[in-house]
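What follows is a short report on a single structure.
The values are calculated or read from the model by the stated rules, or taken from the named source; none is laboratory data. Nothing here was measured: the structure is a model prediction, and the numbers come from that model. Cβ atoms come from the backbone with ideal geometry, glycine included; neighbour counts cover every protein chain shown. The accessibility values were calculated without ligands, DNA or RNA, using every heavy atom of the protein model including side chains. Shrake-Rupley method; radii C 1.70, N 1.55, O 1.52, S 1.80 Å.
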Amino acid sequence: MPVVILMMMVASAPLGTQSARLRQYLSLAEATLENPIRLEELRGALLSPGGVAAIRALFERSIAEGLVLDGRLVTPELGGEATLDAAELVLVDYPDPVHPLLREMVRFDTDPERLLELLRSSADGKRLLETTGGLHALLYQMSTKTPTDEQRKLLRQVVASAVAIHFKTWSTDPLIQARMIETTDWRGRYVGFWHIHPPRLRGAELADGIEPSYEDMTNAVELGQFLTIVFQPDGFDAYDLSPLAVTGAPDLSRAERISYRSSGWRSHFRERARPFDP
């Protein structure tokens, strides 16, 4: 398993200016070089009781933070960086910079003037205005003339669609990463970046998440790892994408899949789906 490139703009800072936490973080790569993480170690950590509990908690959190839009549950992806400390997989989660903005959009989907002001007030909001088909024009029309019922309905649909699309991705940036590095006690060896593909609601059941996307695989090629943990109704599949960094090609057949299955998992998440039972 190759060592992942540590995506830190401040990593090149002079040694004397580096904080203790940053030095901890950067030492992870050296530890991995000295003792590379084997697939068997990663498998053991993921499938250990502690690993299963940590992953279950991530899916629970995604469900709890989900939004019901147009009668369907939309669950956000979560992600961050991971280390292996002895036999324990440590998943440090980083907030996505766009997800809070998406939640604000839902709050204002009946107030076009406030929504337009919100989106114009940040770089991320401006990007959403530019990339969400018809949204800018619709908000401008509704803000300058009395909105029709048809326009109000269309706005809610457009916002719901935008949230659903962007909740399906997880990203970070150097500023968030730097903040999280300074608030985390780093130990062990570096695994790399990770994210989850959370459950989708199908009827009254939580259905499986999607398998790693092309973007996930290209991230792995660039970064050395982009561990993708996919919800299953009776467990999860964790895709170790680090082999793609060796081949340099986004080919899912080269990935290593680590699977966990449990009847108890199925019953546990069936209860989590009950509040969304139509």
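When the Cα positions of 231, 203, 183 are compared along the charge dipole of the chain, 203 comes out farthest toward the positive end, with charges on each C-beta of Lys, Arg, Asp and Glu.
One chain, two ends: residue 53 and residue 113. Fully extended at 0.36 nm per residue, the span grows by 17.2 nm beyond their Cα-Cα distance. A dipole drawn for the stretch 217-274 from +1 and -1 charges on Cβ atoms has a positive end, and of 269, 220, 248 the residue lying farthest that way is 269. For the stretch 61-202, the mean projected area of the C-alpha convex hull, equal to one quarter of the hull surface, is 10.0 nm².
Please find the FRET efficiency linking residue 179 to residue 259, where r is the Cβ-Cβ separation and R0 is fixed at 41 Å, and quote it to the nearest 0.05.
Here the calculated transfer efficiency is 0.75.
Between residue 126 and residue 271, the contour length at 0.36 nm per residue exceeds the alpha carbon distance by 48.3 nm.
Given a 1.4 angstrom probe, I'd like the percentage of the accessible area of the stretch 113-272 that is carbon and sulfur, rounded to a whole number. Looking at the stretch 113-272 in its full context, I get 49 percent from C and S. Of 258, 52, 18, which is farthest towards the positive pole of the chain's charge dipole, taken about the Cα centre with +1 and -1 on the beta-carbons of Lys, Arg and Asp, Glu respectively? Most positive-ward Cα: 52. Placing +1 on the Cβ of every Lys and Arg and -1 on the Cβ of every Asp and Glu, with no other charges, gives the stretch 177-278 a dipole of roughly 320 debye about its Cα centre. About its Cα centre, the stretch 72-125 has a charge dipole of approximately 300 debye under the convention of +1 per Lys or Arg Cβ and -1 per Asp or Glu Cβ, with nothing else charged.
Leaving out ligands and nucleic acids, note down the accessible area per residue over the stretch 76-154 with a 1.4 angstrom probe, in whole Å².
Ligands and nucleic acids excluded, the result is 52 Å² per residue.
Rg and Dmax of the chain, based on Cα coordinates, read 20.6, 66 Å.
Expressed as a fraction of 2.2 N^0.38 Å, the C-alpha radius of gyration for the stretch 49-131 is 1.42.
Computed from the Cβ-Cβ distance with R0 of 41 Å, the FRET efficiency linking residue 33 to residue 234 stands at 0.65. Each stretch of four or more DSSP H residues adds -39500 (n - 2.57); spread over every residue of the chain, this sum gives -14000 deg cm²/dmol at 222 nm.
Between the stretch 33-48 and the stretch 189-215, the alpha-carbon centres lie 21 Å apart. Relative to the longest principal axis of the Cα atoms of the chain, the long axis of helix 149-167 lies at roughly 0 degrees.
Relative to the Cα centre, the charge distribution of the chain, modelled as +1 at Lys and Arg Cβ and -1 at Asp and Glu Cβ, gives a dipole magnitude of about 520 debye. For residue 211 and residue 18, the FRET efficiency from 1/(1 + (r/R0)^6), where r spans their Cβ atoms and R0 equals 51 Å, is about 0.85.
For trypsin sites (Lys or Arg not before Pro), the sites in the stretch 25-108 that DSSP calls loop and that have at most 16 other Cβ atoms within 10 Å are 38.
Pairs of Cα atoms under 8 Å, at least six residues apart: use those to get the relative contact order of the chain, whole percent. Mind dumping the intermediate values first?
Values: 456 pairs, mean separation 62.5, N = 278.
Once divided by the residue count of the chain, the mean separation gives 22 percent.
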